[in-house]
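See below for the structure under consideration.
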Amino acid sequence: MIINLRIDNFNMDSQEYSADLSKEKSIAITLLPNDKQPNHFGAPACTSKTLEMGSYIGDTKRGGSCNANVLTMIPHCNGTHTESVSHIIDELIPVYQSIEKSVFPSVLISLLPEPSLKTKDSYIPFMDESNQVITQAQLNEKLSEYSDEQLQGLIVRTLDNDNNNNRDKKTRVYDNEHYPPFFTNDAMKYLVKRKINHLLVDFPSVDKMYDDGKLSNHRLFWNIVEDEKKTNDQSTVNKTITEMVFIDDEIEDGIYLCNLQIPEINTDAVPSRPILYPLTEMNKT
Ligand SMILES: [Zn+2]
């Protein structure tokens, strides 16, 4: 039986789109426990070990009836993950409750981060001379052609993808030699103004790696007051940030339907698997 894997008559800005569900592309990094994996902040790596309880061994190669492993991970530091506002406040609003619709239109853009000295944008607490940043002007240039409706999700690929061996973002250890790029505060204010609900980036944090714990961009994104650890009336708790995605070179910039797949775990960050489906404009004249 052939199933038509398309969503037709998908409307956005009075334009009809068709989404081809047979052409899905994952932009998650495959997480390899006990193996090479990306790492942020010097945190312990993701590991997997056999469950052993009494006479039970969760390993068929060692005579066990089935396999069962104990996974240890730090979602924020071990690979592709999605986080909620609870990353920076006391109250727990788990990621699965923050995502009202797990499928949404998204725009994918590619940018070459700029030396911090080149921009007049600001950042709290400060930018180091060696930092590479994404500026408001860069975002404005790429996103002015898209409507707010198309920009329910934004996926940012930093260039280039393969600058040190093939695909090294999949296993990159972020440290002073591989200091990750981040948004200026002006860039983040622009994204807030454009009402981006779900922000996905291929670097490990929207903030500077060593930022004195300010997390100023995270605070701007969810509208949490500086140094506060609670929401206010203006906070936007139904937004998410996904960090350390990997967008293969073959995936072109443009509009997609994004399906943000996550497990339902009561916590502030979970490993995630964003899937992109190409969107085609129908009856384009
Ligand atoms: Zn994170």
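The values are calculated or read from the model by the stated rules, or taken from the named source; none is laboratory data. Just so it is clear, the model here is predicted, and its values are computed rather than measured. Don't worry about glycine lacking a Cβ; one is built from the backbone with ideal geometry, like all the others, and counts go over all protein chains shown.
Confirm whether residue 275 is modelled with pLDDT of 95 or more, more than 15 Å from the ligand (Cβ to nearest atom) and aliphatic (A, V, I, L, M). Explain how you work it out, then say what you get.
Numbers: modelled with pLDDT of 95 or more: yes; more than 15 Å from the ligand (Cβ to nearest atom): yes; aliphatic (A, V, I, L, M): yes.
Against the criterion (modelled with pLDDT of 95 or more, more than 15 Å from the ligand (Cβ to nearest atom) and aliphatic (A, V, I, L, M)), residue 275 qualifies.
Hey, can you tell me all the residues within segment 55-86 that are within 16 Å of the ligand (Cβ to nearest atom) and surrounded by fewer than 16 Cβ atoms within 10 Å (Cβ to Cβ)?
Within segment 55-86, the first condition is being within 16 Å of the ligand (Cβ to nearest atom), and the residues that meet it are 73-86.
None; the set is empty.
Would you mind finding the one in 252, 264 that is assigned to a loop (DSSP other than H, G, I, E, B) and either over 30 Å from residue 121 (Cα atoms) or β-branched (Val, Ile, Thr) (or both)? Working first, answer last.
Numbers: 252 fails: either over 30 Å from residue 121 (Cα atoms) or β-branched (Val, Ile, Thr) (or both).
Matching residue, one of 252, 264: 264.
Suppose we keep only residues that are within 12 Å of the ligand (Cβ to nearest atom) and part of a helix (DSSP H, G or I) within segment 87-96. Which one would you say is nearest to residue 213 (Cα to Cα)? Break it down into steps so the answer makes sense when it comes.
Filtering segment 87-96 down to residues within 12 Å of the ligand (Cβ to nearest atom) leaves 87-88, 95.
Now narrow it down to the ones that are part of a helix (DSSP H, G or I): 87, 95.
Details: 87: 12, 95: 22 Å.
Here the residue is 87.
Filter segment 34-50 down to the residues that are more than 16 Å from the ligand (Cβ to nearest atom) and part of a strand (DSSP E or B), then identify the one that is nearest to the chain's Cα centre (by Cα).
Checking each candidate, the answer is 47.
If residue 221 passes every condition in (1) in contact with a Lys or Arg (Cβ under 7 Å, 6 or more places away or on another chain); (2) closer than 29 Å to residue 17 by Cβ; (3) within 15 Å of the ligand (Cβ to nearest atom); (4) in contact (Cβ under 8 Å) with a residue 60 or more places away in the chain but one, which one does it miss?
(4)
Can you go through 12, 53, 73 and tell me which one is within 19 Å of residue 259 (Cα to Cα), out of contact with any Phe, Trp or Tyr (no Cβ under 8 Å at 6 or more places or on another chain) and among the aliphatic types (A, V, I, L, M)? It would help to see each step written out before you state the result.
Working: 53 fails: within 19 Å of residue 259 (Cα to Cα); 73 fails: within 19 Å of residue 259 (Cα to Cα).
Criteria check complete, one pass: 12.
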